[in-house]
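Below is one structure; the comments refer to it alone.
The values are calculated or read from the model by the stated rules, or taken from the named source; none is laboratory data. None of these values were measured; they are calculated from a predicted model. Because the Cβ atoms are built from the backbone with ideal geometry, glycine has one as well, and the counts that use them run over all protein chains shown.
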Amino acid sequence: MTRKLPSIVSKAGTSLALGLLLVSAVFVAPVAAQQQQQPAPPTSPPQTTAETPTITAKVEPQQISPNVPKTEILCSGVRREQRPVLRCQMRFDSQIEVVNARVSERGANPPVEWTASFRPTSVAEDDSAFFFLIDRTDTRRAATLRRLTQDLTEMLGRKGAQQQVAIATYSASLDVLANFTRESREATQVLSRVRADGVASEVFRLSIDAIRRLDSVQAGSKFLVIMSDGRADDTVIKLEDVAEAARKANVRIITIGYAESEAGRPDLQRLRVLALQTSGLFVEVPIRSKQIPQDVRQNLFQRFTAGGVLEAEAPGTKLPGAVEVILSYPNDRSLSFAAVLTDTQPSQPPAEQKPMVMNPDQAFEFTVEGVINWLFDPPWRALAAATVLSILIGGLILAFARRSARRKAAAKKVAAPRPLEVSPLAQSV
């Protein structure tokens, strides 16, 4: 019986593995096939304008080369003369030339290429919103504030026609001098009212107030620009609370730090961290000149308009399950992602989506939520993963059982003790 034990265990393990494979064939294959089959397009798709999205396009990041700027991607789709058209709004952290754009249907054999083009965004058409939050604490900073307002006047004169700006000052309270406007003159006129008259600096609490105001504005991108010495007298609200609120509202924080002396420079670290944690920008103003660097004065509004619009049109009327997008840049750099496409009805417009961020320093963020979303979309992926996991567990159980069987068999084959040898001297006695 002992000799037959490994054979019995082996047969049981083989049966278990075959059973798991059968379960995989029964449950996974039909679901996968259902995922791959796309419903036939209606005979008369609804006619829509290019401004009315009727196709949901969910972005799945794939690869991004080193030295490619961090990129925000937001896609949707329409039908143009019954043909699906993908349109992706892309924003780069810094300027980079797109030399080629390629869009093809995922899994198609032979390959099906879409007609693709990329049009860079100009400052004139950028619709970002900027909320300038100016620190008015400490009357001894009057000269610094005068220099600041002069620089800000120059900067506002270079903003795009569609970009919105709001101006506010703060100490222990928020004083909104100009609400969101596209008129540069309206924004610059209020700068003469900026006075250093505060005592306490509740920069964290009032930054969250400014983020809420930005969140209520319709804009392509949103930026909070904090111009401060970095001092914070908040006792309840912390820096981490501001960063979290900004990330939830998809607001990037630009901080421009003014230190009156070397002793005040450590306070600027708060501003540096805020910018870093919200994918923004930190600028330290020289102590001696108190003047914002020329590059920032001239290019702040242009700096955050890098990007463009990717548009691709299908060769036919059928909507594929997904398309693969590849953008090529100089020096053999590239960025690729997939867009999962779903038709929607005119009465049910596509659900609002947040931009997908691709970062060369952290191309894939393996958060719990991200892993769960990846695992269950599409559904067959979860079933396949469960099947593979079951096979692995079954294999481990089989290996452990075989090992235990061998040890038990070896324990029963202990050699009999050798007879005791008696010396000749002992025999004579």
- Only one of (1) part of a helix (DSSP H, G or I); (2) within 31 Å of the chain's Cα centre (by Cα); (3) surrounded by fewer than 20 Cβ atoms within 10 Å (Cβ to Cβ) is not met by residue 185, so which one is it? (2)
- Query: Within segment 303-341, which residues are crowded, with 16+ Cβ neighbours inside 10 Å, β-branched (Val, Ile, Thr) and over 19 Å from residue 62 (Cα atoms)?
  - Reply: 305
- Task: State whether the residues of segment 157-175 include one that is surrounded by 19 or more Cβ atoms within 10 Å (Cβ to Cβ), assigned to a helix (DSSP H, G or I) and in contact (Cβ under 8 Å) with a residue 24 or more places away in the chain.
- Result: no
- Message: Given the options 209, 135, name the one that is acidic (Asp, Glu), in contact with a strand residue (DSSP E or B) (Cβ under 9 Å, 6 or more places away or on another chain), closer than 28 Å to residue 305 by Cβ and buried (at least 21 other Cβ atoms within 10 Å of the Cβ).
- Response: 135
- Message: Pairs needed: first member in segment 63-82, surrounded by fewer than 17 Cβ atoms within 10 Å (Cβ to Cβ); second member anywhere, at pLDDT 90 or above and not in a strand (DSSP E or B); C-beta distance under 6 Å; at least 6 residues apart or different chains.
- Response: 82/317
- With the checklist (1) acidic (Asp, Glu); (2) in a loop (DSSP other than H, G, I, E, B); (3) crowded, with 19+ Cβ neighbours inside 10 Å in hand, flag the one item residue 151 doesn't pass. (2)
- Note on the structure: When segment 72-88 is checked residue by residue, the ones that are farther than 21 Å from residue 113 by Cβ and at pLDDT below 90 are 72
- Residues satisfying the stated conditions in segment 195-206, i.e. surrounded by fewer than 21 Cβ atoms within 10 Å (Cβ to Cβ) and in a loop (DSSP other than H, G, I, E, B): 195, 196, 197, 199, 200
- Item | Test: residue 192 is of a type in the set (Ser, Thr, Tyr), in a loop (DSSP other than H, G, I, E, B) and either at pLDDT below 95 or not assigned by TED's automatic domain parsing to the domain that holds residue 232 (or both) | no
- Note on the structure: Of the residues in segment 261-288, those that are of a type in the set (Gly, Ala, Ser) and touching a residue at least 12 places away in the same chain (Cβ under 8 Å) come to 261, 264, 275, 279, 280
- Task: Determine, yes or no, whether residue 270 is basic (Lys, Arg) and at pLDDT below 90.
- Result: no
